[in-house]
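Student: This is the structure, below, for whatever I ask next.
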Amino acid sequence: MSALNTVVVPIHRAGWPFIAAFAVVSLILGLAVAKPLGWLGLVLTLWCVYFFRDPDRVTPTRPGLLVSPADGRVTMIVPAVPPPELGMGDTPLTRVSIFLNVFNVHVNRVPADGTVIAAEYHKGTFVNAALDKASEENERAAFRHRLPDGREIAYVQIAGLVARRILYWLKAGQEVKAGERFGLIRFGSRTDVYLPDGVVPLVCVGQTAIGGETVLADLTATEPQRQGDVRR
C-alpha cells in the first residue's frame, strides 16, 4: 500500500463519468442559474467522489479463510437456497447478507482463492435490499466459486431501492484471488455469501464488515456461531 493512497483515496474508474457530469452541471447551474444551486451541485459532486472511492485493503491470506465481499452491515444470517441459475441444488446453505448504504465503499471483492464456475446475471425488481425477498426478486449477478479444497461457495451482488446498475468482470473458468476486485454496484445495494455446508460464520447480525478484510468464516474452525452484543 503506497503512502500516497493513505492520504488520497483512489477513485474507481467507473465513477469518473458521473463525477464529470455532476461537475459540469454544477458549473452551469452556478454560472447560468443561481449560485446557491451551484454550491448544491458542488456538494453532490463531492459526494459522488466519495461514493466511488476505491481504497486499498489488506486481505488475510491463510488457507480456509473467507473474507467479506463488501463493506456494510451484516443484516441477516439465515439458511437459504442459492440462486437457481447457479445450479447448486435445493439444499439450504448458510447465507450471510451484507447491506451497503450510500456511504459505504461499493467496490466488491472476491471472498477466497479459487475458480469461478459460473457467473450469471438475472433481471429483477428494485425493492429495498434490506428485505429478505430482495435475494429472490431483485436484479442480481450471482457467482458460483470452487475453493482450492473442492468445496463451493456462492456470492451475489443485489441491486437495491436506489441502485440501478450492477458491474462485474468475472467469467466462468476464471482463476481469482481473495480480496481481488470483481465488481461494483451503484448506488446502495446488498451482497449475499452462501457458505459451504456445515461452515459456521464468524460474524454476527449487526456487525460492520469491511470488504476484503473482515473474515466471514474459517473452513477449518470448529467454534460455535457467534452472537452479537450491542454496547453503548
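The values are calculated or read from the model by the stated rules, or taken from the named source; none is laboratory data. These figures come from a predicted structure and were not determined experimentally. Virtual Cβ from ideal backbone geometry, glycine too; neighbours counted across all protein chains shown. Side chains are part of the model used for accessible areas, which takes the heavy atoms of the whole protein and leaves out ligands, DNA and RNA. Shrake-Rupley method; radii C 1.70, N 1.55, O 1.52, S 1.80 Å.
Student: Given the DSSP H assignment, sum -39500 (n - 2.57) over each helix run of at least 4 residues in the chain and divide by its residue total; what's the result at 222 nm in deg cm²/dmol, nearest 500? Intermediate results must be reported in sequence, preceding the final value.
Tutor: Working: 4 runs with 39 residues, N = 232.
Taken over the chain, the calculation gives -5000 deg cm²/dmol.
Student: Among F51, M88, W39, whose Cα lies farthest out toward the positive end of the dipole of the range 1-95, if unit charges sit on the beta carbon of Lys, Arg (+1) and Asp, Glu (-1)?
Tutor: Looking along the dipole axis, the top candidate is W39.
Student: Long-range amide H contacts for I11: which residues qualify at under 5 Å (H placed 1.01 Å from N, peptide plane, sequence gap of 5 or more or a different chain)?
Tutor: When sequence neighbours closer than 5 places are left aside, the close amide H contacts are D54.
Student: The range 61-123: which trypsin sites (Lys or Arg not before Pro) are DSSP loop and have at most 13 other beta-carbon atoms within 10 angstrom?
Tutor: K123
Student: Same structure again: Accessible area of the range 34-117 with a 1.4 Å probe: how many percent of it is carbon plus sulfur? Please list the in-between numbers first.
Tutor: Details: 2460 of 3640 Å².
Ligands and nucleic acids excluded, carbon and sulfur reach 68 percent.
Student: Oh, and also: Which one of C204, Q225, I158 is farthest out on the positive end of the charge dipole of the range 141-232, using unit charges on Cβ (Lys, Arg +1; Asp, Glu -1) and the Cα centre as origin?
Tutor: I158
Student: Treating only the Cβ atoms of Lys and Arg (+1) and Asp and Glu (-1) as charged, compute the dipole magnitude of the chain about its Cα centre; round to the nearest 20 debye. Don't skip to the end; give the middle numbers.
Tutor: Details: 24 positive and 21 negative charges, 160 e Å.
Dipole magnitude for the chain comes out near 760 debye.
Student: Starting with the highest mean, order 190-197, 65-72, 18-25 by the number of other Cβ atoms within 10 Å, averaged over the residues of each peptide.
Tutor: 65-72, 190-197, 18-25
Student: Can you compute the FRET efficiency between T222 and E85 using 1/(1 + (r/R0)^6), with r the Cβ-Cβ distance and R0 = 41 Å? Round to the nearest 0.05. Spell out each step's value before the answer.
Tutor: Working: r = 33 Å, r/R0 = 0.80.
Calculated value: 0.80.
Student: In addition: Work out the FRET efficiency for V43 and C204 from their Cβ-Cβ distance, taking R0 = 30 Å, and round it to the nearest 0.05.
Tutor: Plugging the Cβ-Cβ distance into 1/(1 + (r/R0)^6) gives 0.25.
Student: Something else: Roughly how many Å² of H12 are accessible to a 1.4 Å probe, to the nearest 10?
Tutor: Number for this one is 10 Å².
Student: For the range 25-125, what is the charge dipole size about the Cα centre, in debye to the nearest 20, if Lys and Arg each add +1 at the Cβ and Asp and Glu each add -1 at the Cβ?
Tutor: 340
Student: For V25 and T115, what is the calculated FRET efficiency with R₀ set at 35 Å and r taken between the beta-carbons, to the nearest 0.05?
Tutor: My answer for the efficiency is 0.20.
Student: Starting from the Cα of D149, step 7 Å along the direction of its Cβ; do the same at W169; then give the gap between the two resulting points in nm.
Tutor: Label-label distance for D149 and W169, simple model: 3.1 nm.
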